Amino acid sequence: MELAKPQQYNARVSDKYFVSENERFLYVKFELVLPDRMEYEAGQYVSLKINEQHERRCYSIASTPDDDHGFHILAEMVEGGKGSEYLKKLSPGDEVEALAPLGRFVIEPSESKLLFVATGSGIVPIYAMINDLLINKQEKRQMRLHWGMRSEEDLFFVDNLERLADEYPNFVFDIVLSKPGTEWDLCSGHVQDCLTRDFVGGIDGWEAYVCGMPNKVMSIVAKLEELGMKKENIYHEKFA
């Protein structure tokens, strides 16, 4: 697949807010200033200049390519992290320098059923992919999402995922919590445990898109291969 070449953009903050109860995940919306349009694929990311020393941080694009006048990101706030502190200080109207679009973690042409597996903020590019496929491309293939998080207070996007599942019968999703509260009655433990539960009968006809921290991504990939998925049918992005 031929992707647009990255270039430098000036963008302006249009809105920002926390999406999780514990203020761990921050959502920031940008509108493009110059150039004022950007061509990208769901799953790609942007690189923001965060200081005058030209240090940069990369963030997956949470919005979909039909919004070509801007982009949204969702970032996990890390105590003392330079990128986190930079984003926290931004206010609506502030301008940033962005290099975009970057990355090749995009949906490849195929007729296979689509399995998405994410941990933590690795949901962001996958969330963009799912929205783009269902809403913009009217994808009819069977699609399934397994998303691993720590606890209920970390969750976000859930209402939107539920709406997608209600509107599009070819899409289902499971949230897996590693440290759930006492009232959580859905899948708990590790994402790999629920993959074993749901695909014990075989995984033929599926391809997977996996995103999260490197060690978790490799564990998920190993589980998918154990279940019988060929390595060439597994696409992944590791968050450092």
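Miscellaneous remarks
- At least 3 residues being among the hydroxyl-bearing types (Ser, Thr, Tyr) and under 16 Å from the mean Cα position of the chain (by Cα) is the threshold, and among the helices (runs of 4 or more DSSP H) wholly inside the range 145-240 not one reaches it.
- Scanning the range 20-46 for residues that are more than 17 Å from Ile126 (Cα to Cα), open to solvent by 20 Å² or more (accessible area, probe 1.4 Å) and touching a residue at least 40 places away in the same chain (Cβ under 8 Å) yields Glu21, Asn22, Glu23, Arg24, Lys29, Val33, Glu39.
- Residue in the range 101-110 that is modelled with pLDDT of 95 or more, touching a Lys or Arg at 6+ places or on another chain (Cβ under 8 Å), open to solvent by less than 10 Å² (accessible area, probe 1.4 Å) and among the β-branched types (Val, Ile, Thr) present: no
- Look at (1) closer than 17 Å to Val117 by Cβ; (2) at pLDDT 95 or above; (3) open to solvent by less than 90 Å² (accessible area, probe 1.4 Å) and you find that Glu232 fails only one, number (3).
- In the range 191-215, the residue that is most open to solvent (accessible area, probe 1.4 Å) out of those that are within 21 Å of Arg150 (Cβ to Cβ) and in contact with a helix residue (DSSP H, G or I) (Cβ under 8 Å, 6 or more places away or on another chain) is Met213.
- Within the range 1-50, the set of residues being of a type in the set (Gly, Ala, Ser), within 21 Å of Leu90 (Cβ to Cβ) and modelled with pLDDT under 95 comprises Ser20 only.
The values are calculated or read from the model by the stated rules, or taken from the named source; none is laboratory data. Model, not experiment: these values are computed from the prediction. For neighbour counting, all protein chains shown are included, and Cβ atoms are generated from backbone atoms with ideal geometry for every residue, glycine included. In case anyone asks, the SASA skips ligands and DNA or RNA and just uses the protein heavy atoms, side chains included. Shrake-Rupley method; radii C 1.70, N 1.55, O 1.52, S 1.80 Å.
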